[in-house]
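Heads up: the structure comes next, in structure tokens.
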Amino acid sequence: CFIIIVYLLENLEDIRPGVPMLRQVREARRKEEKLQEANLKNRQKSLKEEERERRDIGLKNALGCENKGFALLQKMGYKSGQALGKSGDGIVEPIPLNVKTGKSGIGHESLLKRKAEEKLENYRRKVHTRNQDEEKAAEQFRMRLKNKQDEMKLEGDLRRSQRACQQLDTQKSIQVPREAWYWLRPEEETEKEEEEDKEQGEDEYTSEDLSVLEKLQILTSYLREEHLYCIWCGTAYEDKEDLSLNCPGPTSADHD
């Protein structure tokens, strides 16, 4: 009976909570570790890896007498570590080996390089063209602005000339200007005269045929000849000799 009881106690399973789960986890972990070790031992290297290893080993080792090419060099007087050439000014180390690992054909890399250079050159050309266009647009804008400013200055000089002409003509008891545009006209009278000019027809000569510059030249000449007056000097001279001696000239540029 005692022997039977001892046997039953030895084969009795441990029924404590969590003990069976811990055993399963440990067993699974052991199996996984053994499997990894087996895979590591049995793992076979790929063909490329084996080729690379063999190539690296071969490149690290210098050629010996068993190599036919090296033996022929030695017969011709070559010594290990000596530079090539009759005068000894050639290379010492062998030409480096550049292994092509990609699948592209010969010359593909040079083609890619050439395309990259062409792309860069096209980009630089576009940037240069854009900069030229921007500079040209800026220059055109400055020219338009300058022309506008010059036009406004001419219009201002014309108005001053018309105002001076009206005052000087009035001082000489001239009631009607030589030309209608010699004097400044009120807006109402101007509108009426414009309507009358339209009724007269387009074939007749009008002041609108003259530019602002032409009007200014005609009016300043009239002021100098008739009244001995220069709008840029702002002075009425005593006689023609006084005008020619003391006035720089008949244009605005002469007074700059």
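The values are calculated or read from the model by the stated rules, or taken from the named source; none is laboratory data. Keep in mind that this is a model prediction, so the values were computed, not measured. Virtual Cβ from ideal backbone geometry, glycine too; neighbours counted across all protein chains shown. The protein model used for the area step is the full one, side chains on, heavy atoms only, and it has no ligands, DNA or RNA in it. Shrake-Rupley method; radii C 1.70, N 1.55, O 1.52, S 1.80 Å.
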Could you pull out every one of the helices (runs of 4 or more DSSP H) wholly within segment 146-256 that has 3 or more residues that are modelled with pLDDT of 85 or more and among the polar types (S, T, N, Q)?
212-226
Residue that is nearest to LYS215 (Cα to Cα) [pool: residues in segment 143-177 that are of a type in the set (Ser, Thr, Tyr) and without any contact (Cβ under 8 Å) to a residue 40 or more places away in the chain]
THR170
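Restricting to segment 221-253, count the residues that are of a type in the set (Asp, Glu) and either surrounded by fewer than 11 Cβ atoms within 10 Å (Cβ to Cβ) or touching a Pro at 6+ places or on another chain (Cβ under 7 Å) (or both).
Residues of segment 221-253 of a type in the set (Asp, Glu): 225-226, 238-239, 241-242.
Next, only the ones that are either surrounded by fewer than 11 Cβ atoms within 10 Å (Cβ to Cβ) or touching a Pro at 6+ places or on another chain (Cβ under 7 Å) (or both) stay: 238-239, 241.
Final tally of qualifying residues: 3.
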Select from segment 131-175 the residues that are closer than 15 Å to ALA236 by Cα and of a type in the set (Gly, Ala, Ser) and write down the one among them that is surrounded by the fewest Cβ atoms within 10 Å (Cβ to Cβ).
ALA164
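Conditions (1) basic (Lys, Arg); (2) more than 30 Å from THR220 (Cα to Cα); (3) within 28 Å of the chain's Cα centre (by Cα), marked per residue:
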| residue | (1), (2), (3) |
| --- | --- |
| ASN98 | no, yes, no |
| GLU118 | no, yes, yes |
| LEU145 | no, no, yes |
| LYS148 | yes, no, no |
| MET152 | no, no, no |
| ASP157 | no, no, no |
Look through GLY69, GLY64, GLY90, GLY102 and report the one residue that is at pLDDT 75 or above, open to solvent by less than 100 Å² (accessible area, probe 1.4 Å) and not in a helix (DSSP H, G or I).
GLY90
